[in-house]
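Here the structure is laid out as structure tokens; the discussion comes afterwards.
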Amino acid sequence: KRMSGDVRFFIFAKNEPMILIAGKYEPLAECVAEKFRATRFSDDVRVRTAVRLIDYVGTHHADIGMMLYVDKRQNDRHEALSRLEHLQLLWTVAARHAVPLFLLFFKYNSDFTADTEVDRFFSWTGKQFRKPPYSYVFKIGELYGTGDRASVVDDFLRQIAATGGVRISLYGGGVEGPEERQADHVYARDLGRVVYWFAMHRPESGLYELGSGFPRTDTALAGAIFRALRMPASITYAENPPGGLGMVPAPLSVNLSNLRRIGYRKPFYSVENGVKSYLMRLNREEKMFKMDC
């Protein structure tokens, strides 16, 4: 049961220390957890909820073999700690109790502030004398495949279900006139695979970006959806803001060089293959918004 303000924990045990997957973005935490359930951690899966993650780690650190935290925490005046302070405290607790730490961040937010905050946090970790046994900071491209209604893929699916077509925003700041945005879309199934690989191989600690490595336009994304649905494409365009000249966002791409350097060679899903896989899962489940892990 989902409780407002709570943090959900997924705990896996198979005669060895637990793997703790936590965070306030439950759909992605579920997807990563599903990868572990499908492999060597399938026998004994327990789910717990707790309000204070840091207190939980401080109390149960002796039982935790690895902790992954999915960050989708915005600065909020109602929070006692800022987002950066919360991450620093989480790192400090993991370092103090020698808990290996995985951190997943969304590279792209609607306000484009996530990148700066993650970079500030990563810079801060490099100055700390005490560190977790190993630690990984992952930046995620534009995510789809979790059933999150806020994702562009699911938004386009809702539009198609309602009107049979997709409406795409154009921005007036381009050199050759109005242009559409470009982003690196990453399929949730790939994230589970990467995290599991890191847990098994334990390469050097560091900052890694996760995505296909190829920014795509919204038109390309919509086209992939229509082809997967076997429908003729129906796309209209609108200025954003209406009647204005809003600057076109810079292409949002992911740099995979660090990931490839440490030996992860598995290719990421292309937009076409990822969308097709996601829609096949939705069709099997007969639900429009079902996570695909």
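How far apart, in nm, are two points set 7 Å out from the Cα along the Cα-to-Cβ line at residue 119 and at residue 235?
Taking the simple label geometry, residue 119 and residue 235 are separated by 3.0 nm.
Please list, ordered by chain and number, the residues whose modelled amide H lies under 5 Å from the amide H of residue 166; skip anything fewer than 5 residues away on the same chain.
Answer set, sorted by chain and number: 234, 235, 236.
Residues with amide H under 5 Å of residue 102's amide H, sequence separation 5 or more or different chain, H placed in the peptide plane at 1.01 Å from N; which?
67, 68, 69, 136
Cβ neighbours within 10 Å, averaged per peptide: list 149-160, 256-267, 94-105 in order, most packed at the top.
Per-residue Cβ counts within 10 Å, averaged per peptide and sorted highest first, yield 94-105, 149-160, 256-267.
Give me the percent of the accessible area of segment 160-220 that comes from carbon and sulfur atoms, probe 1.4 Å, all protein chains in place.
Carbon with sulfur: 48 percent of the solvent-accessible area.
By per-residue mean of other Cβ atoms within 10 Å, what is the highest-first order of 162-169, 136-143, 191-198, 85-92?
136-143, 191-198, 85-92, 162-169
Per residue, how much accessible area does segment 112-163 have with a 1.4 Å probe, in Å²?
Per-residue value: 47 Å².
Any of 35/131; 24/276; 35/127; 24/139; 24/266 with alpha carbons more than 24 Å apart? Name them for me.
35/131; 24/276; 35/127; 24/266
The values are calculated or read from the model by the stated rules, or taken from the named source; none is laboratory data. All values derive from a computational prediction rather than experimental measurement. Ideal geometry is used to build each Cβ from the backbone, glycine not excepted, and the neighbour counts take in all protein chains shown. Note: accessible area is taken over every heavy atom of the protein model, side chains too, but ligands, DNA and RNA are not part of it. Shrake-Rupley method; radii C 1.70, N 1.55, O 1.52, S 1.80 Å.
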